[in-house]
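Asker: Quick one: this structure, given as structure tokens, is what I'll be asking you about.
Each value in this text was obtained by applying a stated rule to the coordinates, not by laboratory testing. It should be emphasised that the depicted structure is a prediction, and the values quoted were computed from it without experimental measurement. Note that each Cβ is placed from the backbone with ideal geometry, even for glycine, and that neighbours are counted across all protein chains shown.
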Amino acid sequence: MEGEDGYLTLHGLRHHYIRWGNPGDDPVVLVHGLMNNARYWENVANMIADQYSVYAPDLRGHGETEHAPGGYLVWAFAMDLRFMAEELDLEAFDLVAHSIGSRIAMAYARDHSHRLKHLVLADMGPEMAQQGARGIRKTTGRSEGTPGFPTEEEALEYYAKLYPGQSRDYLMRQLAAGLTLDEETGNLVFRFDPSIHQATGRGAIAEIPFLWESIEHIKCPTLVIRAEKSSILSPEIAEEMVRRLPDGRLVEIPESGHQIPLHQPERFAQAVREFLET
């Protein structure tokens, strides 16, 4: 299933989300990482949509959601999540987050875990392993100068490598969600605000103590998922997260790097489903 598009205006910003499944089923919200978008979750969403009503928002500055002049620090993303849950009337829901989305989920759950039945934090903690942090800062620092793709076929080749074995229709959906036409160059360029590097800069470093403290306030059952080959979430940080969480547990996905929902969607969806059913 491709999912259904929805739009909300939250404190002046137009937000986009995709919903899969029966709207009457229990809701699950999926939060993507930096430089991704809601369509990133398509495979995982379809694997759980038989039982859940699945919502995946484009974070501010990503996909079809507007760029945010107020910036990209974790508190701003968490505020968006709070208003989205209220606008969609999600009184009790499961929250699944990946990468920097996990930092957003920690900040949201600090004060709102009473609205959550379960929380999943996938492959990122309050702080990153040094190697992974350097890699993310390097990638986002180059975002403003990314030239993009001169042709649609070159863009499709890029997405075919990310999603091997998928149909052309599937790849075209990923392309449409992730790229937009730059009128100045005529290239297809990534659809995120170049200013999102703020999310990995000095402001993000200052957020580390706040996020470590935040997880100590999260009362709902929380699953930390770590990729076996992760350069982002070290075993030591993952174990410390579980130690500090009031109700935390840890699962490691074998043979996976950081992008678990992308490269290991079956194992990721299975781990999530088993946890949500507890």
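Asker: How much net charge surrounds residue 274 when only other residues with a Cβ under 12 Å from its Cβ are counted (Lys, Arg +1; Asp, Glu -1)? Before the final figure, lay out each step's value.
Answerer: On the way: positive: 249, 267, 273; negative: 277.
Spelling it out: positives minus negatives among the neighbours equals +2.
Asker: Compute the angle between helix 152-162 and the longest alpha-carbon principal axis of the chain, please, reported from 0 to 90 degrees and rounded to the nearest 10.
Answerer: 30 degrees
Asker: With a 10 Å cut-off between alpha carbons and a GNM built on the chain, which of 161, 219, 229 moves the most?
Answerer: Residue with maximal mean-square fluctuation among 161, 219, 229: 161.
Asker: Related question: Taking K and R as +1 and D and E as -1, what net charge do the other residues with C-beta under 13 Å from the C-beta of residue 238 add up to?
Answerer: Local net charge: -3.
Asker: Next question. Compute the helix-to-body angle for 168-178: its Cα long axis versus the longest principal axis of the chain, expressed 0 to 90° and rounded to tens.
Answerer: Computed tilt is about 80 degrees.
Asker: Across 10 Å bins from the origin, how do the percents of Cα pairs in region 1-133 run, short distances first?
Answerer: The percentages, shortest bin first, are 13, 48, 34, 6, 0.
Asker: Using label points projected 7 Å from each Cα along Cα→Cβ, tell me how many nm separate residue 278 and residue 195, to one decimal.
Answerer: Between residue 278 and residue 195, the label points sit 4.1 nm apart.
Asker: OK, next. If amide hydrogens are placed 1.01 Å from N in the peptide plane, which non-local residues have theirs closer than 5 Å to the one on residue 25?
Answerer: 53
Asker: If you plug each phi of region 114-120 into the Karplus form 6.51 cos²θ - 1.76 cosθ + 1.60 with θ = phi - 60°, what whole-Hz ³J(HN,Hα) values come out, in order, with x for Gly and Pro?
Answerer: My calculation for region 114-120 gives 5, 8, 9, 7, 9, 10, 10 Hz in order.
Asker: Another question, then. Once the Cα atoms of helix 74-87 and of the chain are each reduced to a long axis, what angle between those two axes, in degrees from 0 to 90 to the nearest 10, is obtained?
Answerer: Its long axis makes an angle of about 90 degrees.
Asker: In addition: With the cut-off at 1.5 for a/c, could you classify the chain from its C-alpha gyration tensor as rounded, prolate or oblate? Mind showing how you got there, number by number?
Answerer: On the way: a/c = 1.36, a/b = 1.25, b/c = 1.09.
It comes out rounded by the Cα gyration axes.
Asker: Using 17 Å as the cut-off for backbone N distance, which residues of region 34-61 belong to the label zone defined by a point 7 Å from the Cα of residue 158 along Cα→Cβ?
Answerer: Within reach of a label on residue 158, which here means backbone N under 17 Å from a point 7 Å along Cα→Cβ, region 34-61 contributes 34-40.
Asker: Still on this model: Could you identify which residue out of 225, 208, 100 has the top mean-square fluctuation in a GNM of the chain using Cα springs shorter than 10 Å?
Answerer: Of the options given, 208 has the highest mean-square fluctuation.
Asker: Give the calculated FRET efficiency between residue 217 and residue 1 to the nearest 0.05, with a Förster radius of 45 Å applied to their Cβ-Cβ distance.
Answerer: Numbers: r = 36 Å, r/R0 = 0.80.
Given R0 = 45 Å and the Cβ-Cβ separation, E is 0.80.
Asker: Among the GluC sites (Glu not before Pro) within region 190-225, which fall in a DSSP loop and have no more than 14 other Cβ atoms within 10 Å of their own Cβ? Intermediate values should be presented prior to the final figure.
Answerer: Details: sites: 207, 213, 216; in loops: 207, 216.
Counting only loop positions with at most 14 other Cβ atoms within 10 Å, the GluC sites (Glu not before Pro) in region 190-225 are 216.
Asker: Could you go through region 249-263 in sequence order and give the Karplus-derived ³J(HN,Hα) for each residue, using 6.51 cos²θ - 1.76 cosθ + 1.60 with θ = phi - 60°, rounded to whole Hz, and x for Gly and Pro?
Answerer: Using θ = phi - 60°, the values come out as 8, 10, 10, 10, 8, x, 6, 9, x, 4, 7, 4, x, 7, 9 Hz.
Asker: Just from its helices, what would the mean residue ellipticity at 222 nm be for the chain, if runs of 4 or more DSSP H residues each count -39500 (n - 2.57) and the sum is divided by every residue, rounded to the nearest 500 deg cm²/dmol? Please report the intermediate quantities before stating the final value.
Answerer: Working: 11 runs with 107 residues, N = 278.
After summing the helix terms and dividing by the residues of the chain, the value is -11000 deg cm²/dmol.
Asker: Sticking with this structure for a sec: In whole Hz, what ³J(HN,Hα) sequence does region 30-41 give by Karplus (6.51, -1.76, 1.60; θ = phi - 60°), x for Gly and Pro?
Answerer: Ordered by residue, 3J(HN,Hα) equals 10, 10, 7, x, 5, 6, 10, 7, 4, 5, 3, 8 Hz.
Asker: Calculate, for residue 243 and residue 11, the FRET efficiency according to 1/(1 + (r/R0)^6) with r their C-beta to C-beta distance and R0 41 Å; round to the nearest 0.05.
Answerer: Details: r = 36 Å, r/R0 = 0.87.
My answer for the efficiency is 0.70.
Asker: Applying a 10 Å radius around every beta-carbon, put 176-187, 35-46 in order of their mean neighbour count, most first. Don't jump to the answer; show the numbers that get you there.
Answerer: On the way: 176-187: 14.3, 35-46: 23.5.
My ranking of the peptides, most packed first, is 35-46, 176-187.
Asker: What does the charge count around residue 209 come to, taking other residues whose C-beta lies under 12 Å from its C-beta (Lys +1, Arg +1, Asp -1, Glu -1)?
Answerer: -4
Asker: With a/c under 1.5 counting as rounded, go ahead and sort region 15-68 into rounded, prolate or oblate using the C-alpha gyration tensor (a ≥ b ≥ c being the square roots of the eigenvalues; past the cut-off, prolate if a/b is larger than b/c, else oblate).
Answerer: Values: a/c = 3.04, a/b = 1.97, b/c = 1.54.
Note, shape of region 15-68 comes out prolate.
Asker: Need the full-extension length gain, residue 228 to residue 86, defined as separation in residues times 0.36 nm minus the C-alpha distance. One decimal, nm. Let's see the in-between values first.
Answerer: Working: separation 142, 0.36 × 142 = 51.12 nm, distance 3.56 nm.
Full extension of this stretch gives 47.6 nm more.
Asker: So what is Rg over Rh here for region 37-115, counting just Cα atoms and using Kirkwood for Rh?
Answerer: Working: Rg = 12.6 Å, Rh = 13.3 Å.
Rounded to two decimals, Rg/Rh equals 0.95.
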